[in-house]
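The values are calculated or read from the model by the stated rules, or taken from the named source; none is laboratory data. For clarity, every value in this text was computed on a predicted model and none was experimentally measured. Cβ placement follows ideal geometry from the backbone for every residue including glycine, while neighbour counts extend to all protein chains displayed.
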Amino acid sequence: MASLIATDPVVIEAERLRVLRSFDVLDTDPEQAFDDVMLLAARICDAPIGMVSLAVGDRQWFKARDGVDACEIGRASSFSQLAMLQPGVTQVRDAALDPQFADHPLVTGTSRFRFYAGAPLIDDQGLALGALCVFDTRPRPEGLNETQLMTMDVLARQVMALLERRRALRERRRSDEAATAAVEAARLVTEKLAESDARFQAIADSMPQMVWSSRPDGHHDYYNARWYAFTGAAEGSPLGDAWGEMIHPEDQERARTAWRASLSTGEPYEVEYRLLHHTGSYAWTLSRAMPIRNAAGVVTRWFGTGTDIAEMKRLEQAKALLSQELSHRIKNIFAVISALLALSARQYPEAMAFAKAARTRISALARAHEFVRPHTESSRPSLDGTTLHAFLRDLFLPYDDNTNRPRVVISGEDADFDDQAATPVALLFHELATNAAKYGGLSVPEGRVTLTTLRQGDRYVMTWQEGGGPPLLGKPEGTGFGSSLLALSVEGQLGGRLEQTWAPGGLRVFADIPAAALTPRRAAGALPCTGILPPR
């Protein structure tokens, strides 16, 4: 098969489509994880347009996109088709001068694409499935720098890790369904075919899961053939209560405690532990059991299954390691960008103010990233908790004076904090605190700021009130970058409403956002395919 894939284009394309379909991702709604990787690539490359593009038959379909409305384009003429044909990051520095793309509708039309960079999405067989790409409407003769090229490569591998995670989760769901079906089949066989033990034995032995049964007191008195084959125990020798001795010593107490709890309450049993394999090693197993009750509701028997989840555990560990590595690289990129700004400001003193403002905003992004990135126990930041108030208290620490009284006082209702909301919230309040330190309530020792948060139905309202600072003379003339950044954070990224009042006693900012914007994203619905992502 490997030789056919290497030489036959038809076989290659068929294998590509099979792999793509195995991820269960084609024509699905947008997902925050893919959107985040795409947006980060566009941000690092300073590009207004980004995509995660997958080649499906004669079309190039976008799993994630920013800056374009269409969900797909024809594959034959796509830029990403070129990126899929070669390793590394493919760049088209000026499409208008490139013979292959000079007449492309995206170049000659209203989109006026000029620059393209794409990193191929390669699976473990070496098949190119699509590309992570960015576009710009201006030519870039110099192309991407080394940091940007490395970032594109790293993020392309992260897209593949996300696809692999989708496949692992789908396999887990299938395993769960199979295990549930096995338990249900065992229950039906016991109830309806009590006199046909041979038929039950045949069904149980044909299942890929280990199947076991116990009396109401927890004494195990039946195992199917798969259990004996897995553990290497002598065929037909029930272990009674000694089954726990075959569990890894570190997992025994946890498994026995969960089993005793199920026996006493009648609640379903579910626990993961390492079970002794016939090779002498231990393998991760998912053990589940359901009670069988009589007409009076009394438990008469327990039927359970054991599913080998060793491969899933290995995948989880690999994904966690990759996620931590990617996060570490992103953290380094923040530091590199900040250092580059500092060096540039020394060379061009006239840009000192701009560089300082940019560095403080990058610092706020880095603090938000430090809060939400994957951590080991030793690298975890010392925050009070994973709530909005805990995050804000940490963000405002640089503005406190030498007294024990905080300069920014936070009160009201706290909220569970979604890691996806960390960046816009950090940018919003960092900008407000920076301006307050320059011109407002934090610019004088006696000045203070109160931040009040309140849950109102499906809305979450945050009120920033400055006091004790220099009197304000009214609304400033014109709209600067800071005001645009506030509106982008609240209205563009959090989907809320922003009001600012320049009263003589101090600035008042009112942010009304959907409570769902702060809710962990796993509980929120997906965006529709035709939706347009908020502008950056």
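Quick notes on this one:
- Only one of V444, V449 that is in contact (Cβ under 8 Å) with a residue 24 or more places away in the chain and in contact with a helix residue (DSSP H, G or I) (Cβ under 7 Å, 6 or more places away or on another chain): V449
- Taken residue by residue, segment 71-82 has no member that is at pLDDT 90 or above and closer than 22 Å to L155 by Cβ.
- Candidates A64, A14, A117 - the one that is assigned to a helix (DSSP H, G or I) and assigned by TED's automatic domain parsing to the domain that holds D136: A14
- Residues considered: T434, T463. Of these, the only one that is in contact (Cβ under 8 Å) with a residue 60 or more places away in the chain and either over 12 Å from Y399 (Cβ atoms) or hydroxyl-bearing (S, T, Y) (or both) is T434.
- Checking L20 against (1) more than 18 Å from F135 (Cβ to Cβ); (2) free of Cβ contacts under 8 Å to residues at least 60 places away in the same chain; (3) surrounded by 20 or more Cβ atoms within 10 Å (Cβ to Cβ), the condition it does not meet: (2)
- The residue list T257, T231 contains one member that is hydroxyl-bearing (S, T, Y), assigned by TED's automatic domain parsing to the domain that holds A283 and modelled with pLDDT of 90 or more, which is T257.
Results for (1) within 23 Å of A487 (Cα to Cα); (2) modelled with pLDDT under 85; (3) not assigned by TED's automatic domain parsing to the domain that holds L507, shown as yes or no for each residue.
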| residue | (1), (2), (3) |
| --- | --- |
| R393 | yes, yes, no |
| F396 | yes, yes, no |
| T403 | no, yes, no |
| V408 | yes, no, no |
| F417 | yes, yes, no |
| L427 | yes, yes, no |
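- Subset tally (residues that are among the β-branched types (V, I, T), crowded, with 19+ Cβ neighbours inside 10 Å and assigned to a helix (DSSP H, G or I)) for segment 124-153: 1
- Count of segment 244-286 residues which are in a strand (DSSP E or B), among the β-branched types (V, I, T) and either free of Cβ contacts under 8 Å to residues at least 40 places away in the same chain or loosely packed, with under 15 Cβ neighbours inside 10 Å (or both): 2
- Inter-residue pairs, beta-carbon under 9 Å, first within 28 Å of A14 (Cα to Cα) and in segment 30-59, second surrounded by 22 or more Cβ atoms within 10 Å (Cβ to Cβ) and of a type in the set (D, E), 6+ apart: D35/D66; M38/D66; G50/D66; M51/D66
- Scan of segment 45-78 for residues that are over 25 Å from T151 (Cα atoms) and of a type in the set (A, V, I, L, M, F, W, C), ordered by number: V56, A70, I73, A76
- Search result, residues across segment 76-110 that are surrounded by fewer than 16 Cβ atoms within 10 Å (Cβ to Cβ) and assigned to a loop (DSSP other than H, G, I, E, B): A76, S77, L85, Q86, P87, G88, P99, Q100, A102, D103, G109, T110
- Residue in segment 96-126 that is farthest from G50 (Cα to Cα), counting only those that are of a type in the set (A, V, I, L, M) and modelled with pLDDT of 90 or more: L97
- Residues that are modelled with pLDDT of 70 or more and surrounded by fewer than 13 Cβ atoms within 10 Å (Cβ to Cβ), drawn from segment 164-197: R173, R174, E177, E184
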